[in-house]
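The values are calculated or read from the model by the stated rules, or taken from the named source; none is laboratory data. What you see is a predicted model, and the numbers here were worked out from it, not measured in a lab. Positions of Cβ are generated from backbone atoms using ideal geometry, with glycine treated the same way; all protein chains shown enter the neighbour counts.
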Amino acid sequence: MKRERIISEVQNVEDAKKLEETVKTGYAEVSIETLTNWIGVEEDLANSYDQLAAGEKNAARKSVFRQLAQDSRSNVENLSDLRRSLEGLDKARVGRIEQLTGLAP
């Protein structure tokens, strides 16, 4: 399946550098910030479910709250892995921008 190009053909070093910077600011940084916020939400959820479980008398409901807290903690781990991966891609992007800057006249 062929897809249409998202960017125009790169014609020179300045075009390449601008595109690399756009990827960094428009995709990598935004994605990292979004994941950071999502991680915070999941941490808050885990804490809230732990508090609900602690105050619950009904064993079945307490079990559900504990499972939900554990699910949120698992989500935090998975999201943190994604964030680390994106941070690595962002760092590599900085290197690409630096290389292109070195090529500019």
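Just to be sure before I move on: is ASP81 over 30 Å from VAL13 (Cβ atoms), acidic (Asp, Glu), part of a helix (DSSP H, G or I) and out of contact with any His (no Cβ under 9 Å at 6 or more places or on another chain) in the structure I sent? First the steps, then the outcome.
Values: over 30 Å from VAL13 (Cβ atoms): yes; acidic (Asp, Glu): yes; part of a helix (DSSP H, G or I): yes; out of contact with any His (no Cβ under 9 Å at 6 or more places or on another chain): yes.
Answer is yes for this residue.
If you take the residues of the stretch 84-105 that are in a helix (DSSP H, G or I) and among the hydrophobic types (A, V, I, L, M, F, W, C), which of them is nearest to the chain's Cα centre (by Cα)? If you could, list the steps in order and put the result at the bottom.
We begin by selecting, within the stretch 84-105, every residue in a helix (DSSP H, G or I); these are 84-103.
Applying the additional criterion that residues be among the hydrophobic types (A, V, I, L, M, F, W, C) yields 86, 89, 92, 94, 97, 100, 103.
Working: LEU86: 6, LEU89: 11, ALA92: 16, VAL94: 17, ILE97: 21, LEU100: 26, LEU103: 31 Å.
Among those residues, the one meeting the criterion is LEU86.
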Report whether or not GLU33 is touching a Ser or Thr at 6+ places or on another chain (Cβ under 7 Å), at pLDDT 95 or above and assigned to a helix (DSSP H, G or I).
no
Does the stretch 19-27 include one or more residues that are under 26 Å from THR101 (Cβ atoms), among the aliphatic types (A, V, I, L, M) and surrounded by fewer than 13 Cβ atoms within 10 Å (Cβ to Cβ)?
no
Criterion violated by ILE7 - all others in (1) within 30 Å of PRO105 (Cβ to Cβ); (2) in a helix (DSSP H, G or I) satisfied
(2)
Within the stretch 46-66, is there a residue that is at pLDDT 95 or above, surrounded by 12 or more Cβ atoms within 10 Å (Cβ to Cβ) and not in a helix (DSSP H, G or I)?
yes
